[in-house]
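Data block below; observations after.
All of the numbers you see were taken from the coordinates with simple rules; none came from a lab. Keep in mind that what you see is a predicted model, and the values were worked out from it rather than measured. Methodologically, a virtual Cβ is constructed for each residue, glycine included, from the backbone with ideal geometry; neighbour enumeration extends over all protein chains shown.
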Amino acid sequence: MARLIILRGNSGSGKTSTAQLLQERLGEGTFLISQDVVRRQMLRVNDKVGSLSTDLLENLVTFGMRKCQYVILEGILTNRKHGEMLKRLVEHYDSRVYVYYFDISFEETLKRHQFKNVNFGEREMRGWYLDKDTLGVNGEVIFSDEWRQEEIIKRIMSDIRD
């Protein structure tokens with residue numbers, strides 16, 4: 001049975017690198033869905049409530065849950081813009097869903113951002129930053145500044161294999 005891993009949090013919080021490492025460790029049959037790729041590259045749409053990208057994300061997850069062993073959905077995925085869709089997925093796939101929120105301070109996301117090859121800076125990040133944007137679903141795991149990437153990977157691997 002397929003398992004869905006949802007990784008959410010602010011820009012620069014470590015979601016994408018964590019998702020890529022998980023996909024590498026989980027191996028063949030692991031479908032990685034990146035909100036940025038869907039929104040920016042596949043559809044070229046803005047991130048807003050009711051965006052076409054939200055529907056496509058949900059459809060991609062549904063496809064992955066039918067065809068793959070693991071599905072990793074990663075992105076900022078704010079509660080306001082994507083919460084309804086995410087809660088539907090959690091309800092539909094129930095015990096096969098693992099939700100993680102990267103509750104990383106703005107200062108730490110700014111530090112991590114300096115290693116990324118992107119064309120936006122502190123001002124834009126400050127405007128996007130959302131504090132404590134958890135989904136509030138059962139079993140949601142919160143990662144804070146103290147968690148290192150290897151610890152996060154170990155925790156998720158342990159959770160999905162229990």
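Summary table
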| read-out | value |
| --- | --- |
| Fewest-first sequence of His82, His92 by Cβ atoms within 10 Å of each Cβ | His92, His82 |
| Cα centroid separation, the stretch 29-81 to the stretch 120-135 (Å) | 20 |
| 20 °C / 1.002 mPa s Stokes-Einstein diffusion coefficient of the stretch 121-162, Kirkwood radius on C-alpha pairs, µm²/s | 168 |
| Per-residue HN-Hα couplings for the stretch 70-75 [Karplus 6.51, -1.76, 1.60; θ = phi - 60°; Hz; x = Gly/Pro] | 10, 10, 10, 10, 10, x |
| Net +/- balance of residues flanking Arg161 in space, Cβ distance below 15 Å, scoring K and R +1, D and E -1 | +3 |
| Sorted peptide list for 37-44, 26-33, criterion being average Cβ within 10 angstrom, highest first | 26-33, 37-44 |
| Label-point gap, in nm, between Gln41 and Gln149 - each point 7 angstrom along Cα→Cβ | 1.8 |
| Length-normalised contact order for the stretch 3-161 - Cα pairs under 8 Å, 6+ apart - percent | 35 |
| Non-local Lys pairs in the chain, i.e. 8 or more apart or on different chains, that have alpha carbons under 16 Å apart | 6 |
| Under the Karplus curve 6.51 cos²θ - 1.76 cosθ + 1.60, θ = phi - 60°, whole-Hz ³J(HN,Hα) for the stretch 24-35, x wherever Gly or Pro sits | 4, 6, 6, x, 3, x, 10, 9, 9, 10, 9, 3 |
| Listed peptides 102-110, 131-139 by packing density, highest first (mean Cβ within 10 Å) | 102-110, 131-139 |
